[in-house]
Amino acid sequence: MTEPAAIEGRALTKSYGGDAVEVRALRGVDICVERGEFVAIMGPSGSGKSTLLHILGGLESPTGGTVAAAGVRYDALDDKELTRFRRDHIGFVFQFFNLLGSLSAAENVLLPALIAGRHEPELRERAVELLGRVGLADRAGHTPSELSGGEQQRVSIARALLLAPDIVLADEPTGNLDSRAGRGILQLLRNVCDAAGHTIVMVTHDPAAAAVADRVVFLRDGEIAGEVEGGSTERVAEFFTTLSPDDLATAAS
Ligand SMILES: Nc1ncnc2c1ncn2[C@@H]1O[C@H](COP(=O)(O)OP(=O)(O)OP(=O)(O)O)[C@@H](O)[C@H]1O
Ligand SMILES: [Mg+2]
């Protein structure tokens with residue numbers, strides 16, 4: 001039997017609002033990400049990238065279509081089961097880090113365990129170890145306000161990895177960072193994928209960021225507009241330009 005995909009969305013649609021002001025954020029998206037793959041999702045503002053990521057992560061439910069992670073269909077789970085599944089299998093990284101300002105870096109990393117009611121000493125050790133892995137071994141006691149944006153994002157990546165998720169979903173993880181800090185975060189995500197075998201889906205509107213991925217999927221008006229192999233910023237940017245010359249200007253702004 002072939003192994004199920006890490007995450008697979010079929011015929012996904014998502015509408016917001018009522019009949020009068022309906023917004024169709026997704027209009028029939030099929031996406032399949034294999035285990036250990038690093039996929040970037042690109043597209044202009046409003047094309048449905050965040051919506052798709054939230055649906056793949058089970059944070060929002062689609063209006064139509066199905067999502068399955070490791071062969072488990074979300075619509076077969078009740079709310080409680082889905083929350084648990086998400087906690088055990090998926091790590092999230094956001095543009096604005098979403099760290100708690102009153103907690104130290106180490107406590108922020110440990111937070112998913114505390115929320116899950118897990119107090120094993122091994123998880124504390126893992127939190128410290130992960131801070132070391134993201135290059136912040138000596139900053140464990142610092143609060144977010146004592147850390148740079150790039151360092152805060154490293155903390156949030158360590159937090160996403162705490163419970164050893166199969167899948168890491170990242171929405172514009174470099175969107176709030178300067179290019180140097182952004183490159184560090186991308187390198188870190190690449191390592192997390194290569195060395196630790198996590199599957200990564202990352203939303204970005206930066207061709208250079210997307211090029212770090214194995215594969216780049218383009219969204220446009222809630223539909224898949226095409227895909228290219230990662231690895232080359234030029235190839236990614238060129239495809240994006242071909243799609244619509246205006247979009248690159250939007251993406252660059
Ligand atoms: N909660 C909501 N209620 C109504 N409309 C929404 C909601 N969330 C998203 N939308 C709409 O759905 C469409 C897709 O939004 P989405 O946030 O997925 O875009 P995006 O590609 O992530 O854009 P950006 O690059 O600006 O983050 C947009 O038209 C947006 O206004
Ligand atoms: Mg978005």
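Readers should treat all values here as calculations from the given coordinates under stated rules, not as data from a laboratory. A quick note: this is a predicted structure, and the numbers were derived from the prediction, not measured. Positions of Cβ are backbone-derived with ideal geometry, glycine not excepted, and every protein chain shown enters the neighbour counts.
Listed values, structure above:
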quantity: Area projected by the alpha carbon convex hull of the chain, averaged over all directions, nm²; calculated: 14.6 nm²
quantity: Dipole of region 23-172 [Lys/Arg +1, Asp/Glu -1 at C-beta], most positive-end residue of Gly149, Ala76, Gly64; calculated: Gly64
quantity: Local electrostatic count at Val217 - Lys and Arg +1, Asp and Glu -1, tallied over other residues with Cβ under 12 Å; calculated: -3
quantity: Gap separating the Cα centres of region 222-238 and region 87-103, nearest whole Å; calculated: 28 Å
quantity: Proximal charge balance of Arg27 [Cβ under 11 Å; K/R count +1, D/E count -1]; calculated: +1
quantity: Helical mean residue ellipticity (222 nm; -39500 (n - 2.57) per DSSP H run of 4+; nearest 500) of the chain; calculated: -11500 deg cm²/dmol
quantity: Relative contact order (percent, whole number), region 143-227, Cα cutoff 8 Å, 6+ residue spacing; calculated: 26 percent
quantity: Nearest-20 debye value, region 150-253 charge dipole, Cβ charges on Lys, Arg, Asp, Glu; calculated: 440 debye
quantity: Pairwise centroid distance, computed over Cα atoms, of region 114-139 with region 151-203, Å; calculated: 16 Å
quantity: Contour excess over end-to-end distance, with Cα ends at Arg84 and Leu100 and 0.36 nm allotted per residue; calculated: 3.6 nm
quantity: Net charge of neighbours whose Cβ lies under 15 Å from the Cβ of Gly197, counting Lys and Arg as +1 and Asp and Glu as -1; calculated: -3
quantity: Ordering of 16-28, 43-55, 199-211, 108-120 by packing [mean C-beta count within 10 Å, highest first]; calculated: 199-211, 43-55, 108-120, 16-28
quantity: Total charge dipole magnitude, the chain, about the Cα centre, Cβ charges on Lys, Arg, Asp, Glu only, Debye to nearest 20; calculated: 400 debye
quantity: Difference of contour (0.36 nm per residue) and Cα-Cα distance, Asp75 to Glu129; calculated: 15.9 nm
